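Heads up, the thing below is written out as structure tokens.
The values are calculated or read from the model by the stated rules, or taken from the named source; none is laboratory data. Worth saying up front: this structure is predicted, and the values here are computed from it rather than measured. Every residue, glycine as well, gets a Cβ built from its backbone with ideal geometry; the counts of neighbours run over all protein chains shown.
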Amino acid sequence: FQPKPLQGVRVLITAGPTAEPIDPVRVLTNVSSGKMGYAIARAAREAGADVTLVSGPTALATPRGVLRIDAHSARDMMSAVMGETPRADVFIAVAAVADWRVAEASAQKIKKTAGEPPTLSFVQNPDILATVAALPGGPYCVGFAAETEHLDQHATEKRQRKGIPLLVGNLAQDALGADDTTLILYDDQGRHPLPRQSKLAAARELIAQVARRLPAGRVP
Ligand code: C5P
């Protein structure tokens, strides 16, 4: 009998985009299908974890056995995540969170006025991953970085800036909306490229790597 590698480990995952209201009928969002995060949720469940998936708006079905909490804006996602972190051993932030929201979303639909497009001003959203990573006694944190260039440099800097042990990088043009992806893992030891493969196969490899790195105190 082989015990599953994440048996009883509580894994919290964010996935998909966030949507920031401009007015009741318009949003500002990021390009993200949610496929990678949902594949990771499925792989973690297969590995025996108790999985909670905090999801922005996607068209995907919830993986079997996974508890899904829907979130709309970055602030919704933040409060759903903060409500779950006390029960999480691992936090994997896959969501493409909007970095900014509209400073004052209009309560009514903004009307077209001839020749006068509206001007929007923005305020920064909270960084969910950095906030969770800074919690004393918080979960083991894994981040994602989708970059269009200089992946190694941006991913390495991002891992240090967020204060996390493991960051997964990929090229946006390679991964967005696709069923396949090429992931590179970045940790204290350097970079560890994975082959190009389906998002589910990549998710299973990532989960095996997370299981191997999990601090002993996090394994039930
Ligand atoms: O550079 P960036 O802040 O976009 O880093 C991406 C990583 O941080 C991803 O893991 C993403 O889920 C997470 N993130 C977050 N909250 C934000 C922005 C990014 O959790 N507001």
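The residues of the range 158-194 that are of a type in the set (Asp, Glu) and within 15 Å of the ligand (Cβ to nearest atom) amount to a single one, Asp187.
This table checks each residue for (1) at pLDDT below 95; (2) of a type outside the set (Asp, Glu); (3) buried (at least 22 other Cβ atoms within 10 Å of the Cβ); (4) in contact with a Cys (Cβ under 7 Å, 6 or more places away or on another chain).
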{"residue": "Pro3", "(1), (2), (3), (4)": "yes, yes, no, no"}
{"residue": "Ala15", "(1), (2), (3), (4)": "no, yes, yes, no"}
{"residue": "His72", "(1), (2), (3), (4)": "no, yes, no, no"}
{"residue": "Ser79", "(1), (2), (3), (4)": "no, yes, no, no"}
{"residue": "Ile92", "(1), (2), (3), (4)": "no, yes, yes, no"}
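Would you confirm whether any residue within the range 198-210 is among the charged types (D, E, K, R), under 19 Å from Ala47 (Cα atoms) and surrounded by 20 or more Cβ atoms within 10 Å (Cβ to Cβ)? Give the steps one after another, and end with the answer.
We begin by selecting, within the range 198-210, every residue among the charged types (D, E, K, R); these are 199, 204-205.
If we keep only those that are under 19 Å from Ala47 (Cα atoms) as well, we get 199, 204-205.
With surrounded by 20 or more Cβ atoms within 10 Å (Cβ to Cβ) added as a condition, the list becomes 199.
Yes, the conditions are met somewhere in the range 198-210.
Pairs meeting the criteria (first residue in the range 150-163 and free of Cβ contacts under 8 Å to residues at least 24 places away in the same chain, second residue within 12 Å of the ligand (Cβ to nearest atom), beta carbons under 8 Å, at least 6 apart or on different chains) are His154/Ala145; His154/Glu147; His154/Gly169; Lys158/Gly143; Lys158/Ala145; Lys158/Leu167.
Residues in the range 124-150 that are farther than 15 Å from Ile92 by Cα and within 12 Å of the ligand (Cβ to nearest atom) were compared, and the one that is surrounded by the fewest Cβ atoms within 10 Å (Cβ to Cβ) is Gln124.
Report the residue count in the range 87-104 for those that are without any contact (Cβ under 8 Å) to a residue 40 or more places away in the chain and either more than 15 Å from the ligand (Cβ to nearest atom) or of a type in the set (A, V, I, L, M, F, W, C) (or both). Qualifying residue count, the range 87-104: 2. Selection over the range 64-103 of residues that are more than 26 Å from Asp50 (Cβ to Cβ), among the acidic types (Asp, Glu) and in contact with a Ser or Thr (Cβ under 8 Å, 6 or more places away or on another chain) gives a count of 0. Of the residues making up the range 111-123, just one is of a type outside the set (A, V, I, L, M, F, W, C) and surrounded by 10 or more Cβ atoms within 10 Å (Cβ to Cβ), namely Pro118. Applying the set (1) modelled with pLDDT of 95 or more; (2) surrounded by fewer than 19 Cβ atoms within 10 Å (Cβ to Cβ) to Asp179 leaves exactly one unmet item: (1). Only residues that are part of a helix (DSSP H, G or I) and crowded, with 16+ Cβ neighbours inside 10 Å: list them for the range 155-171, please. The answer is Ala155, Thr156, Lys158, Arg159, Lys162.
Val27 meets the stated requirement of being assigned to a strand (DSSP E or B) and either over 30 Å from Gly217 (Cα atoms) or of a type in the set (Gly, Ala, Ser) (or both). Going through (1) under 17 Å from the mean Cα position of the chain (by Cα); (2) more than 13 Å from the ligand (Cβ to nearest atom); (3) small (Gly, Ala, Ser) one by one, Ala155 falls short only on (2). If you go through the range 7-64 and keep only what is free of Cβ contacts under 8 Å to residues at least 60 places away in the same chain, of a type in the set (Gly, Ala, Ser) and under 30 Å from Lys111 (Cα atoms), you end up with Gly56, Ala59.
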